[in-house]
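Report on one structure; see the data block that follows.
The values are calculated or read from the model by the stated rules, or taken from the named source; none is laboratory data. The model shown is predicted, which means the values in this text are computed figures rather than measured ones. Neighbour counts are summed over all protein chains in view; Cβ atoms, including those assigned to glycine, are modelled from backbone coordinates with ideal geometry. Remember, those area values only see protein heavy atoms, side chains included, never the ligands or the DNA or RNA. Shrake-Rupley method; radii C 1.70, N 1.55, O 1.52, S 1.80 Å.
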Amino acid sequence: GQKCVCRVKLKVFFHSRSLGCLSFIAFPNVYFFKQGFKKGGLYRANMAVVDVPEPEFAGIIENDELVILDFWAEWCGPCKAYGPVFKRVSEDHPDVVFAKINTEQEQALSQSFGIRSIPTTIAFKDGIGVFMMPGALPEKDLRELIVKLGEIDMDEVRAQIAADEMAGEAGQDSQ
């Protein structure tokens, strides 16, 4: 089977859990841009997959319940193979925002996520990063990911993040 890999270079607190064979990482406080859009606005109208420039990134993450990102580049063969899979799956899930981020054009955004391998798929639910995995996901795994993301209890995730942050602060106070 395919080995699950999670890698994060953000300077934020994170923790990882397992979604069956898929791993995910929660990124609280990934609000490095404060731009807003109306909930479900621009990104739900007539498009299965949208290209996201950096200034619009935070608005999508903050205002949509589930966002799946594909970090890619024009020169990348695996990215070209993954693109049609990403688009096909997006067409079956109009309630999910599927966004593509060109790593060549959006270098600062790519660097903020520590993208070192493309394609890389990242998912946010309720504004919290909950999945990150380099490599092209097979179509069945991408579909399974969407189901698993829907099953995540975000109240539990937020409670775990708060507990982990408190434990981290307590550890810093004792040093």
Among the residues of region 74-133, how many are open to solvent by 70 Å² or more (accessible area, probe 1.4 Å), among the acidic types (Asp, Glu) and more than 26 Å from residue 152 (Cα to Cα)?
2
Considering residues of region 89-111 that are assigned to a helix (DSSP H, G or I) and among the small types (Gly, Ala, Ser) only, the residue nearest to residue 64 (Cα to Cα)
90
Selection from region 134-156 of residues touching a helix residue (DSSP H, G or I) at 6+ places or on another chain (Cβ under 6 Å) and either hydroxyl-bearing (Ser, Thr, Tyr) or open to solvent by less than 10 Å² (accessible area, probe 1.4 Å) (or both) yields 142
Can you tell which of 129, 150, 114, 171 is in contact (Cβ under 8 Å) with a residue 24 or more places away in the chain, of a type in the set (Gly, Ala, Ser) and in a helix (DSSP H, G or I)?
150
Looking for whichever is out of contact with any helix residue (DSSP H, G or I) (no Cβ under 8 Å at 6 or more places or on another chain), modelled with pLDDT under 85, outside any loop (DSSP other than H, G, I, E, B) and open to solvent by less than 40 Å² (accessible area, probe 1.4 Å) here; the options are 25, 61. Which one fits?
25
